[in-house]
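Undergrad: Quick one: the structure is below, and I'll ask about it shortly.
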Amino acid sequence: VQLQASGGGLVQAGASLRLSCEGSGSSLSNFGMGWFRQAPGQERKFVSSIDWTGEFKFYADSVKGRFTISRDNAKNTVYLQMNDLKSEDTAVYHCAHGRSRRTRSRTYEYDSWGQGTQVTVSS
């Protein structure tokens, strides 16, 4: 499966962005999906994940209450709605395809990664 992330940009603190991750080559519908982010000089960190049904969602503590993950299996797309953005949210955001129907925060749970989309939040 190929993953194409989009929707990043340069925004001011407090603004919102919605990231999209569109899959191609195969269906995403039977797999958990995740979002990770990587800031310059830092390791890739978990942001959020969603199971194959869209019912079970997990979030890093740093984004709880501000970010919402969702999926539209008919469109083969996963979304990350990001509200009240902070400067510390600045990073390249990558979507990831899970190896199973329900995934959480470990990178080994994922087998394909998108190229990433840059989110820059100015304070």
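The values are calculated or read from the model by the stated rules, or taken from the named source; none is laboratory data. These figures come from a predicted structure and were not determined experimentally. Ideal geometry is used to build each Cβ from the backbone, glycine not excepted, and the neighbour counts take in all protein chains shown. Note: areas computed on protein heavy atoms with side chains; ligands, DNA, RNA excluded. Shrake-Rupley method; radii C 1.70, N 1.55, O 1.52, S 1.80 Å.
Undergrad: I'm trying to understand the selection: among the residues of the range 99-116, which are open to solvent by less than 60 Å² (accessible area, probe 1.4 Å) and either at pLDDT below 95 or within 12 Å of the chain's Cα centre (by Cα) (or both)?
TA: Narrowing the range 99-116 to residues open to solvent by less than 60 Å² (accessible area, probe 1.4 Å): 100, 103, 105, 109-110, 112, 114, 116.
Scanning the range 99-116 gives S105, G114, G116.
Undergrad: I would also like to ask the following. Please go through the range 83-109 and give me each residue that is hydroxyl-bearing (S, T, Y) and in a loop (DSSP other than H, G, I, E, B), ordered by number.
TA: Pass one, the range 83-109, residues hydroxyl-bearing (S, T, Y): 87, 90, 93, 100, 103, 105, 107-108.
The answer is T90, S100, T103, S105.
Undergrad: Another question, if that's okay. When both residues are 6+ apart or on different chains and their Cβ atoms are under 6 Å apart, which pairs have a first residue that lies in the range 25-45 and is of a type in the set (S, T, N, Q), and a second that is open to solvent by 30 Å² or more (accessible area, probe 1.4 Å)?
TA: Hits for this filter: S26/V1; S29/N73; N30/W52; Q38/R44; Q38/V92.
Undergrad: Of all residues in the range 1-21, count the ones that are of a type in the set (S, T, N, Q) and more than 11 Å from L85 (Cβ to Cβ). Can you show your working first?
TA: So in the range 1-21, the residues of a type in the set (S, T, N, Q) come out as 2, 4, 6, 12, 16, 20.
The next check asks that each one be more than 11 Å from L85 (Cβ to Cβ); those that pass are 2, 4, 6, 20.
The qualifying residues number 4.
Undergrad: Criterion first (under 15 Å from V1 (Cβ atoms), among the polar types (S, T, N, Q) and not in a loop (DSSP other than H, G, I, E, B)) does S112 satisfy it?
TA: Working: under 15 Å from V1 (Cβ atoms): yes; among the polar types (S, T, N, Q): yes; not in a loop (DSSP other than H, G, I, E, B): yes.
Considered against the rule, which asks whether it is under 15 Å from V1 (Cβ atoms), among the polar types (S, T, N, Q) and not in a loop (DSSP other than H, G, I, E, B), S112 comes out as yes.
Undergrad: Oh, and also: What is the residue count in the range 63-73 for residues that are open to solvent by 30 Å² or more (accessible area, probe 1.4 Å), of a type outside the set (S, T, N, Q) and assigned to a strand (DSSP E or B)? So that I can check it myself, show each step before the final result.
TA: So the first thing to find is which residues in the range 63-73 are open to solvent by 30 Å² or more (accessible area, probe 1.4 Å), and the list is 64-65, 68, 70-73.
Narrowing the set further to residues that are of a type outside the set (S, T, N, Q) leaves 64-65, 71-72.
Going one step further and asking which of them are assigned to a strand (DSSP E or B), we end up with 71-72.
Counting residues in the range 63-73 that are open to solvent by 30 Å² or more (accessible area, probe 1.4 Å), of a type outside the set (S, T, N, Q) and assigned to a strand (DSSP E or B) gives 2.
Undergrad: Which of (1) assigned to a loop (DSSP other than H, G, I, E, B); (2) of a type in the set (A, V, I, L, M); (3) under 22 Å from S105 (Cβ atoms) is the odd one out, the single condition L3 does not satisfy?
TA: Unmet condition: (1).
Undergrad: Okay, next question. Name every residue in the range 12-62 that is in a strand (DSSP E or B) and open to solvent by 70 Å² or more (accessible area, probe 1.4 Å), in order of residue number. Spell out how you get there, then give the answer.
TA: To start, the set of residues in the range 12-62 that are in a strand (DSSP E or B) comprises 12, 17-24, 33-38, 45-50, 57-59.
Q12, R18, E22, K45, K57, listed by residue number.
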